[in-house]
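A.B. asks: Got a structure for you, questions after.
The values are calculated or read from the model by the stated rules, or taken from the named source; none is laboratory data. Worth saying up front: this structure is predicted, and the values here are computed from it rather than measured. Virtual Cβ from ideal backbone geometry, glycine too; neighbours counted across all protein chains shown.
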Amino acid sequence: MHSLDSSAGLIAVIAAAIAVVALIAVIIALVKLRSLRRDQKLVIGDSERDITAHAAELERQFVALHDHLIDIATGLEGRVSAAEARLDGAINHRAVVRYDAYNELSGHQSVSIALLDAHRSGVVISSIQHRESTRFYVRQVEQGRGTVELSPEEQQAVDAAISGELLDLAESA
């Protein structure tokens, strides 16, 4: 009978070992479950919702946010377009030409100033200095050309403004 007792004892030891391993596995599973629930509580909050309901709510909020951002972007596009249109009308090109209109060697006191927008339209303002008088002229410019004939100095101011040159005929004389 001794061999029967030893077989039963061996089976009992093996069963006890399996029970201990199963108990350890259950403890590990419970620790992981507790950690998972703690993490889930951080994501979902204290409500009783499940992760699927939470994901659906996040999706609804994301769609609402996306729609709101599209509305904002559309509004900004309109505002940027309006600002660009206004900037096209701002002075983008300018030049000053100084010269001696009457060849009097008076120190190049006459001046023509071109002020043009992005479409090369605007005005040329000229001040012609003489010993006894000063005359001002304002001429309109459309796409780089005067609406009336420009003087050579006025046309030089327009050309210099369009090309971006800093032109001063006083220096070249």
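A.B. asks: Criterion first (without any contact (Cβ under 8 Å) to a residue 12 or more places away in the chain, aliphatic (A, V, I, L, M) and assigned to a loop (DSSP other than H, G, I, E, B)) does Val148 satisfy it?
C.D. replies: yes
A.B. asks: Do any residues in region 67-89 that are under 26 Å from Leu116 (Cα atoms) have Cβ atoms under 8 Å from those of residues that are at pLDDT 85 or above and surrounded by fewer than 10 Cβ atoms within 10 Å (Cβ to Cβ), where the two are at least six apart or on different chains, and which pairs are they?
C.D. replies: none
A.B. asks: When region 123-173 is examined, which residues are found to be among the acidic types (Asp, Glu), surrounded by 15 or more Cβ atoms within 10 Å (Cβ to Cβ) and at pLDDT below 90?
C.D. replies: Listed by number, the list holds a single entry, Asp168.
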